[in-house]
Amino acid sequence: MLISLLFSQLGYSQQAWTTYNMSNSGMPYDNATCVLPDGQGGLWIGTDYRLAHFDGNNSWEIFDTNNSGLPDNAIRSLLLDDEDNLWIGTFLGGLAKYDGTNWTVFNTSNSGLEDNFIRSLLIDQTGIMWIGTSGGLHQYDGIDWTVYNLFNSPLLSGNIPCMALDTSNVLWVGTINGGLARIENGNFTVYDADNSLLNDNTILQIYIDEEQNKWLSTPAGGLNIFDNNNTWFLYITLNSGICDNSINSVAELDDNFYIGTATGGICTFGFWDNYNTTNTPLPSNDINCIVAENDSILWMSVENEGIVKFIPDLLTDTEDVEDLPIINISPNPTANYLNIATDIPVKTRLYNVNGQLQMEKLIQADQRLDIRHLPKGIYFLEMQNDRKKQIMKVIKI
């Protein structure tokens, strides 16, 4: 496989960053709790006070308890199913389903829900809905409800802020103070700080990449990665260039990972570039969540400052594409060598997933890196000249 890379420059233009808030748009409230691309170029936005749909241009539609069937104005989670029904988890009003016309509400008085605080939502490959609440994990197949809590399951906490599904239909559940749970065919495996290398028992978000590595955002323990070989990797400020140990969210865009933090803004994984209020138009360094849209746009909610649209490709210079240096790398994945072709001298550094430097070499023209001695796994190749840099993921097989 041949991959062509264009170098990008750390910097910004106003076009790359757009902030939407109550003062300049139809945002109903400046504290957005969740954002969800609708697949049509628009965005659903849950806030502490009402639900909004933004068409991506200038049109906003606002939903609240007065003009819709929404049971509560405080929104905590959003999900679109295969039939484009919107599922809305609320703070006190339970779960709502909106099909574009009709509203259906599920709560403790009319369903199998045992808690009305709906923190996370997921539909697995069999069509079963999983509902994370502050009072347990709920399973709903459209007819029957099943509840897993501290009394009838191995869960160490019933407070469920996040879930993710891997390609084998295994459910991964993040808890508050109860670590990480793996659920497959009704069987539970729980990982916490006592029985694993997990650095924090509270997990705020789980992102699973193409290699099925689990990226765990924690509020005090940095970024924890649990790979598909059951190996743990930890990234904190003491052993990496990560900009904060309080991680709220991770998103992947064009093979780059963006980490939203509570006080440090955004970090890019690997080379640890940092976007914050001092070098970008970000209105705050407290990033609640980040989601990717169409492999080109990052949407993020910023604490009490609305939402921000970030297009990393617009960070590049205004030079013509043919004037930019081009590097060709092949093969990837590889077991032995990385062949690198470049028309300019480029300094290369190869890091493992722990952020540790494995090798460094100045590439003058067509040369290759010998990686036969390295263990199998994921690596990050940093390439830099005096003006530009790029990082790409390399797989050693």
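Tell me yes or no: at least one residue of the stretch 19-26 is modelled with pLDDT under 95 and hydroxyl-bearing (S, T, Y). Spell out the reasoning first.
Taking the stretch 19-26 and keeping what is modelled with pLDDT under 95, we get none.
No, the stretch 19-26 contains no residue that is modelled with pLDDT under 95 and hydroxyl-bearing (S, T, Y).
Please list, ordered by first then second residue, the pairs with beta carbon atoms under 7 Å, 6 or more apart or interchain, first in the stretch 49-65 and on the phi > 0 side of the Ramachandran plot, second not in a loop (DSSP other than H, G, I, E, B).
R50/I62; R50/F63; G56/L43
What is the number of the single condition among (1) at pLDDT 90 or above; (2) over 20 Å from the mean Cα position of the chain (by Cα) that A292 does not meet?
(2)
If I go through the stretch 206-246 residue by residue, how many of them are of a type outside the set (D, E) and part of a loop (DSSP other than H, G, I, E, B)? I'd like the intermediate steps shown before the answer.
First pass over the stretch 206-246, keeping only residues of a type outside the set (D, E): 206-208, 212-226, 228-243, 245-246.
Checking which are part of a loop (DSSP other than H, G, I, E, B) leaves us with 212-213, 218-222, 228-231, 236-243, 245-246.
Qualifying residue count, the stretch 206-246: 21.
Can you go through L238, L204 and tell me which one is out of contact with any Phe, Trp or Tyr (no Cβ under 8 Å at 6 or more places or on another chain), in the same structural domain as L122 (by TED's automatic domain parsing), of a type in the set (A, V, I, L, M, F, W, C) and without any contact (Cβ under 8 Å) to a residue 24 or more places away in the chain? Can you show your working first?
Details: L204 fails: without any contact (Cβ under 8 Å) to a residue 24 or more places away in the chain.
The unique qualifying residue is L238.
Go through the stretch 81-137 and tell me which strands (runs of 3 or more DSSP E), entirely inside it, have 3 or more residues that are within 13 Å of V147 (Cβ to Cβ) and among the β-branched types (V, I, T). Before the answer, list the steps.
Working: elements: 86-90, 95-98, 103-106, 118-123, 129-133.
In the stretch 81-137, there are no strands (runs of 3 or more DSSP E) which contain 3 or more residues that are within 13 Å of V147 (Cβ to Cβ) and among the β-branched types (V, I, T).
Examine the stretch 268-275 for a residue that is modelled with pLDDT of 95 or more and among the aromatic types (F, W, Y), and state whether such a residue exists.
yes
Out of E382, E360, I need the residue that is touching a Lys or Arg at 6+ places or on another chain (Cβ under 9 Å), assigned to a strand (DSSP E or B) and modelled with pLDDT under 85. Which one?
On the way: E360 fails: modelled with pLDDT under 85.
So the residue among E382, E360 that is touching a Lys or Arg at 6+ places or on another chain (Cβ under 9 Å), assigned to a strand (DSSP E or B) and modelled with pLDDT under 85 is E382.
Give the number of residues within the stretch 128-145 that are among the hydrophobic types (A, V, I, L, M, F, W, C) and over 20 Å from I203 (Cα atoms). Lay out the reasoning, then the answer.
Filtering the stretch 128-145 for residues among the hydrophobic types (A, V, I, L, M, F, W, C) gives 128-131, 137, 143, 145.
When the remaining residues are screened for being over 20 Å from I203 (Cα atoms), the result is 128-129, 143, 145.
The number of residues fulfilling the criteria is 4.
The values are calculated or read from the model by the stated rules, or taken from the named source; none is laboratory data. Note that the coordinates shown come from a computational prediction; the quantities given were computed from them, not determined experimentally. Counting neighbours? That spans all protein chains shown, and the Cβs are built from the backbone with ideal geometry, glycine included.
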